[in-house]
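Chemist: Shown below is the structure under consideration.
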Amino acid sequence: MLPSPAVFHFLWEISTDLVKDGASVRTYGRLTSYKPEGSKAILSGQPSSAQCHVSVQTTLVEPFHLTLGAQYFVLGEIEKTDGLSGAILHARALSNIDGVDLILMQKAIMEQRCFFKERMSPHM
């Protein structure tokens, strides 16, 4: 049996109760830090005036060419932690998406959510 497909979550949703431990997720954010010796990257996003950060474990996607400050798309599994970070995203795929219209992408994600919500609701 195949696992369920990864659900798209914004960075600011990952540390909340919306995302369960072990869930497969897709997200994106700006690469603000990378420590190759620990295979750890930090993605940042900004839903409003507050900045949010998610730790990304990059062991399974190394070696890769990275650009600090670039936007990256990540597919992986969530590990909830008790620390300040709240969650670690274990990356299975990491891709640079600089040049993508992020506002349009965010709109598409919201439309996809509405579509799936309508599809799952009982028809009258």
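Chemist: Go through (1) polar (S, T, N, Q); (2) open to solvent by 60 Å² or more (accessible area, probe 1.4 Å); (3) closer than 16 Å to ALA6 by Cα for GLN51 and report which single condition fails.
Modeler: GLN51 satisfies every listed condition except (3).
Chemist: Next up: Within the range 11-124, considering only strands (runs of 3 or more DSSP E) that don't extend past its boundaries, which have at least 2 residues that are free of Cβ contacts under 8 Å to residues at least 40 places away in the same chain?
Modeler: On the way: elements: 24-35, 40-45, 52-57, 71-80, 87-96.
Counting at least 2 such residues, we get 24-35, 40-45, 52-57, 87-96.
Chemist: What about ARG26, is it open to solvent by less than 90 Å² (accessible area, probe 1.4 Å) and not polar (S, T, N, Q)?
Modeler: Details: open to solvent by less than 90 Å² (accessible area, probe 1.4 Å): yes; not polar (S, T, N, Q): yes.
So ARG26 fits the description; yes.
The values are calculated or read from the model by the stated rules, or taken from the named source; none is laboratory data. Here the structure is a predicted model, which means the values were calculated and not measured. Backbone-built Cβ (ideal geometry, glycine too); neighbour counts: all protein chains shown. Areas reflect the complete protein model, heavy atoms only, side chains present, ligands, DNA and RNA absent. Shrake-Rupley method; radii C 1.70, N 1.55, O 1.52, S 1.80 Å.
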